[in-house]
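The values are calculated or read from the model by the stated rules, or taken from the named source; none is laboratory data. From a predicted model like this one, the values you see are computed outputs, not experimental measurements. Virtual Cβ from ideal backbone geometry, glycine too; neighbours counted across all protein chains shown.
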Amino acid sequence: MLGALLIVYWTVIRGLVSAWSTDDNYSHGFFIVPLALYFAWERRRAIAAAPVRPSLLGLVIVAASLFLLVAGLLGAELFLSRVSIIGTLAGAILFLFGWPMLRIVFFPLAFMLLMIPLPAIIFNKIAFPLQLLASHVGEYTISSLDIPILREGNVLILANATLEVAEACSGIRSLVSLFTLGIVFGYFVDRRIWVRAVIALSAIPVAILANGLRVASAGIAAHNFGSAGVEGLFHEFSGWVVFVLAFLMMFGLQRLLQRFLPPPRVQQPVTEPASA
């Protein structure tokens, strides 16, 4: 079954690996499959104990997924053909083992969706508002330091330089990576589903704030050193600093939740001493 899956999806898998290698927004894709396999391995006892109840609905799901594959390849819609991989896996598990098994491995399968790049139309719909938000945060931060600045859309005009908040600086890259990191981090630090969801969703405001601070730092550097102060090493280094800062914000949120909303303690049953 795995061999047949590789043969059918070999072209799609090669395209995915190429996208991870060339698109910095999805370079985290290399870690998704190993992590998904680890999440499935953690459930090995439940998998071994699950009853085997094959369902013919799995064949329907496999057929529908293969139809998406063909439609995506013929229509040059990469997203459909890539998503169909997960659909085919889910359908095969349902057909061979049944609903109990599919429920057990649902999270690892759903987690694999994070390795698939979003369609360009959806990506652009997200990136442009993030550009404007980063520009707003950067403008407010710079002006609060009494540095004269004028914003026109996503262009920041200072006395010594003009900065454009491009798509690469919109925060979409850090948002995608932080959302993935938030899911993994929440999974390992807390067993409560709502806490995991809060940590993962916190990636949205955290990415916006952190990237706005990055734009602000670039504006401050440009005010003091001109355009040369925000190019080259500074631009690359600030990206790493912002990502670390964003993770620290998520870590701080987790510690606050742990402190003020701790998980309920499981009381151990008191055993009676054995009578002589």
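Does residue 53 meet the test of being more than 30 Å from residue 207 (Cα to Cα) and of a type in the set (Lys, Arg)?
The answer is yes for residue 53.
A quick yes/no check of all residues on (1) surrounded by fewer than 18 Cβ atoms within 10 Å (Cβ to Cβ); (2) in contact (Cβ under 8 Å) with a residue 60 or more places away in the chain; (3) over 25 Å from residue 187 (Cα atoms):
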| site | (1), (2), (3) |
| --- | --- |
| 36 | no, yes, no |
| 41 | yes, no, no |
| 48 | yes, no, no |
| 58 | no, no, yes |
| 67 | yes, no, yes |
| 75 | yes, no, yes |
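Please state which of the following conditions residue 53 fails to meet, knowing it meets all the rest: (1) in a helix (DSSP H, G or I); (2) loosely packed, with under 14 Cβ neighbours inside 10 Å; (3) of a type outside the set (Asp, Glu).
The failed condition is (1).
For region 183-205, how many residues meet the condition of being among the β-branched types (Val, Ile, Thr) and within 14 Å of residue 256 (Cβ to Cβ)?
Here the count works out to 4.
Would you mind stating whether residue 7 is assigned to a helix (DSSP H, G or I), within 24 Å of residue 101 (Cα to Cα) and among the β-branched types (Val, Ile, Thr)?
Answer is no for this residue.
Is there any pair with a first residue in region 252-263 that is without any contact (Cβ under 8 Å) to a residue 60 or more places away in the chain and a second that is surrounded by 11 or more Cβ atoms within 10 Å (Cβ to Cβ) whose Cβ atoms are under 7 Å apart and which are 6 or more apart or on different chains, and what are they?
Listed pairs, sorted by first residue: 253/199; 253/202.
Take residue 13 and tell me if it is at pLDDT below 95 and under 30 Å from residue 185 (Cβ atoms).
yes
Can you pull out every residue in region 115-126 that is assigned to a helix (DSSP H, G or I) and more than 11 Å from residue 25 (Cα to Cα)? Full working, then the answer.
The initial filter retains those residues of region 115-126 that are assigned to a helix (DSSP H, G or I), namely 115, 120-126.
Across region 115-126, the qualifying residues are 120, 121, 122, 124, 125, 126.
I'd like to check something: does region 74-87 contain any residue that is on the phi < 0 side of the Ramachandran plot, at pLDDT 95 or above, in a helix (DSSP H, G or I) and aromatic (Phe, Trp, Tyr)?
Within region 74-87, not a single residue is on the phi < 0 side of the Ramachandran plot, at pLDDT 95 or above, in a helix (DSSP H, G or I) and aromatic (Phe, Trp, Tyr).
Take the residues in region 18-30 that are assigned to a helix (DSSP H, G or I) and in contact (Cβ under 8 Å) with a residue 60 or more places away in the chain; name whichever of them is surrounded by the fewest Cβ atoms within 10 Å (Cβ to Cβ).
24
Please pick out the residue among 129, 108 that is part of a helix (DSSP H, G or I) and modelled with pLDDT of 85 or more.
Checking each option against the conditions leaves just 108.
Within region 152-261, considering only helices (runs of 4 or more DSSP H) that don't extend past its boundaries, which have at least 1 residues that are in contact with a His (Cβ under 8 Å, 6 or more places away or on another chain) and modelled with pLDDT under 90?
Qualifying helices (runs of 4 or more DSSP H): 172-189, 203-225.
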